[in-house]
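Trainee: Here's a structure for you.
Each reported figure results from applying straightforward, stated rules to the coordinates on display, with no laboratory input. Please read these numbers as outputs of a predicted model, since none were measured by experiment. Using ideal geometry, Cβ is built from the backbone for each residue, glycine included, and neighbour counts are taken over all protein chains shown.
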Amino acid sequence: MADLDIKEKKDIFTEEFLINMGPQHPSTHGVLSLELKLDGEMVLECTPHIGYLHRSFEKLAENRTYTQFIPFTDRLDYVASMNNNLGYCMAVENLLKLDITDRAKYIRVIVAELNRIASHLIAIGTFAQDLGAFATPLFYCFREREKIVDIFNEICGNRLTYNYIRIGGVQSDLPKGIEEKIKNFIKYMRSKIDEYDWLLTYNVIFLARAKNIGLLRKDIAINYSVTGPNLRASGVKRDLRKDRPYLVYDKFEFNVPVGVNGDAWDRYKVRIEEMRQSLKIVEQALGSLPQGDPTVKTGRVHKPAAGEAYFRTENPRGELGFYIVSDGSAYPYRLKIRAPSFSNLAVLPELIKDAKIADIVCISGSLDILMGEIDR
Amino acid sequence: MLTTEIFDLLKAKFPRIAKEEGTSAVIIPKELLLEFGRFIKDAPLIFDDLHCVTAIDKKEKIDLVYIFYSNPLQHSLTLKIYLGPEDPKVESLAAIWKSANWLERETYDLFGVTFLNHPDPRRILNPYDWKGYPLRKNYSAPNFIAKPKL
């Protein structure tokens, strides 16, 4: 102690310091870099740096035909490709004023809701992993997701980037016997969600780690344009499937689960409940699946009349919007992707401020952001 | 509220606004933006959510597009401002809607529209030292080869 040479009290002081979290940090779900200003264990300020995955899809779209761009939408939110295909194709169909068949609408609902479950499974699995429940919940979630991926593999031949929903319908009709498999999956999945409740949702350690962490007030969430489960967890009952029903969502009975406090646990819980509702929708859609042709015969090259269309769909992560401007040629003049995670990430500095450094991973994990669609 | 009702209400307050041909967008002169923003945020319209900000490069002009949504009333509004292609400047809405912060940064990054009084006027998707504005029609990327047109 002698060589420290402390004469007065003012020689002992604390200092703010900057650290970089990411872009290679395992719990940032991709390549997100957070610049943190710390005072001991408390975060004073957080500046996110994004763009590490920027692939300029919006510029590339201007040199692709409308059909050629569908595979790109797979790579936006790559754990919910079906929902991205759906949003894009519906925006183009809006621009073309193209009506699709009833069977196509039902098939789209079935695959979109199955993909929502798969996406939420990854969200809760990685969230539990972020909280330190190492591997077990994630492996359980991937076990169930594997069943959905197998179903998709049978439907369209792909396991991650599906490219299944096309302009004017779907790539091909459902294969024989897949209805039975989906029905079996619904039965299996219901019991597994109950198992998650038993294993994770009301687990004391999990509650202590996630309750009252990262409180997102209703008005702040709306002001930051947060959408999807994150907004609903803060107590706002906003779901496009109910508010502005597209496809045939108005024919099905389902609830919109909302949270109370808007903390990390609520965001997790809303996702669990949404999986139950999605199973309900898939079951009803399978029960009333109409026969017929799932595709409208259209040419390969679409030339919509000059004009613009903005279409939003309810994605697993929030509201995905496609703003397409056409000049009458086969290529979009301008294509803007309004990615839900982009706005959901913008609220992160607000949540992290004055939190402990150990809670950063919990908060960012509970927001379920995905860098693929943020950076585009 | 229906789009026509919203437009009539706005027209009574701001006589200088107009409706765009072919779309349901409302066009306002850029000086009006802040006043207009404060008006639609409060009752009776309550557009509490600035959902999307983007731009379209139409060569002779740049269309700045704002999309608003109202949670309590469940209606939406598309707002457009026409800017000149040389050094476009407009007031920032970040003081009214926090979501404008990142959305405007993205529009600046890709189109070069400067937002005055913006709290954090940096690029967001491209590297901070990037030259040029990639989504402008006259931008040419160093190694970009356009696909042959059909």
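Trainee: Can you order the peptides A:173-186, A:330-343 by their average number of other Cβ atoms within 10 Å per residue, highest first?
Mentor: Working: A:173-186: 14.5, A:330-343: 24.4.
Top of the packing list down: A:330-343, A:173-186.
Trainee: Using a 10 Å cut-off around each Cβ, can you sort A:L121, A:L247 from fewest to most neighbouring Cβ atoms?
Mentor: Ascending number of Cβ neighbours within 10 Å: A:L247, A:L121.
Trainee: For chain B, what does the convex hull of the Cα positions come to per residue, in cubic angstrom?
Mentor: Hull volume over Cα atoms, normalised by residue count, gives 139 Å³.
Trainee: Give the relative contact order (percent, whole number) for chain A; include only Cα pairs under 8 Å separated by 6+ residues.
Mentor: Over chain A, the number comes to 26 percent.
Trainee: Go through A:G132, A:N158, A:A104 and say which Cα lies farthest out towards the positive end of the charge dipole of region A:56-375; charges sit on Cβ, +1 for Lys and Arg, -1 for Asp and Glu.
Mentor: Selected residue: A:A104.
Trainee: Under a point-charge model restricted to the Cβ atoms of Lys and Arg (+1) and Asp and Glu (-1), what is the dipole moment magnitude of region A:56-375 relative to its Cα centre, in debye to the nearest 20? Let's see the in-between values first.
Mentor: Details: 45 positive and 40 negative charges, 44 e Å.
Its charge dipole is roughly 220 debye.
Trainee: How far apart, in nm, are the 7 Å Cα→Cβ label points at A:A305 and A:R276?
Mentor: For the pair A:A305/A:R276, the computed spacing is 4.8 nm.
Trainee: To make sure I understand, if each residue's beta carbon is the centre and we count other beta carbons within 10 Å, what order do A:V301, A:V248 fall in, fewest to most?
Mentor: Listing A:V301, A:V248 from fewest to most nearby Cβ atoms yields A:V301, A:V248.
Trainee: If each residue of separation counts as 0.36 nm, what is the full-extension length gain between A:K251 and A:H49 once their alpha-carbon separation is subtracted?
Mentor: That works out to 68.4 nm of additional length.
Trainee: Given R₀ = 45 Å, what would the calculated FRET efficiency be for B:T114 paired with A:T14, taking r from the Cβ atoms and rounding to 0.05?
Mentor: With a Förster radius of 45 Å, E is 0.70.
Trainee: What's the exposure ranking of A:C156, B:C52, going from fewest to most Cβ atoms within 10 Å?
Mentor: The most exposed by this proxy come first: A:C156, B:C52.
Trainee: Right, here's the next one. Restricting to Cα pairs below 8 Å that are 6+ residues apart, what does the relative contact order work out to for chain B? Please round to a whole percent.
Mentor: Relative contact order of chain B: 18 percent.
Trainee: Between helix B:100-111 and chain B, what is the angle of the helix's C-alpha long axis to the longest principal axis, kept within 0 to 90° and rounded to the nearest 10?
Mentor: Taking Cα atoms only, the helix is inclined about 40 degrees.
Trainee: Suppose every K and R has +1 on its Cβ and every D and E has -1 on its Cβ; what is the size of the dipole of region B:1-89 about the Cα centre, in Debye to the nearest 20?
Mentor: Computed charge dipole of region B:1-89: roughly 140 debye.
Trainee: Average partner chain C-beta neighbours within 10 Å, per residue of B:48-59?
Mentor: Neighbouring Cβ atoms belonging to other protein chains average 6 per residue here.
Trainee: Please find the FRET efficiency linking B:A95 to B:S24, where r is the Cβ-Cβ separation and R0 is fixed at 30 Å, and quote it to the nearest 0.05.
Mentor: Efficiency at R0 = 30 Å is approximately 0.65.
Trainee: Using Cα pairs closer than 8 Å and at least 6 residues apart in sequence, work out the relative contact order for region A:148-219, in percent.
Mentor: RCO, region A:148-219: 20 percent.
Trainee: Peptide A:137-144: average number of partner chain Cβ atoms within 10 Å per residue?
Mentor: That works out to 0 on average.
Trainee: Additional query: Answer rounded, prolate or oblate for region B:3-86, using the Cα gyration tensor with square roots of eigenvalues a ≥ b ≥ c: rounded when a/c is under 1.5, else prolate when a/b is larger than b/c, else oblate.
Mentor: Prolate, because a/c is 1.5 or more and a/b exceeds b/c.
Trainee: Specify the residue with the greatest mean-square fluctuation among A:V256, A:V204, A:V149, computed from a Gaussian network of chain A linking alpha-carbon atoms under 10 Å apart.
Mentor: Sorting by GNM fluctuation, first place goes to A:V204.
Trainee: Please state, to two decimals, what the Cα-based radius of gyration of chain A comes to when divided by 2.2 N^0.38 Å (N = residues).
Mentor: Computed over Cα atoms of chain A, the ratio equals 1.07.
Trainee: Turning to a different aspect of this structure: Fully extended, how many nm does the chain gain between A:R159 and A:D327 (0.36 nm per residue separation, minus their Cα-Cα distance)?
Mentor: Once the chain is fully extended between A:R159 and A:D327, it gains 57.0 nm.
Trainee: Hey, what do the phi angles of region A:282-290 turn into as Karplus ³J(HN,Hα) couplings, whole Hz, using 6.51/-1.76/1.60 and θ = phi - 60°, x for Gly and Pro?
Mentor: Here the 3J(HN,Hα) series is 4, 4, 5, 5, 5, x, 10, 5, x Hz.
Trainee: Would you mind counting up the charge near B:A18? Only other residues with Cβ under 10 Å from its Cβ, with Lys and Arg at +1 and Asp and Glu at -1.
Mentor: Charge balance near B:A18 sits at +2.
Trainee: So, R0 is 25 Å and r is the distance between the beta-carbons of B:A12 and B:N71; what FRET efficiency does that work out to, to 0.05?
Mentor: 0.55
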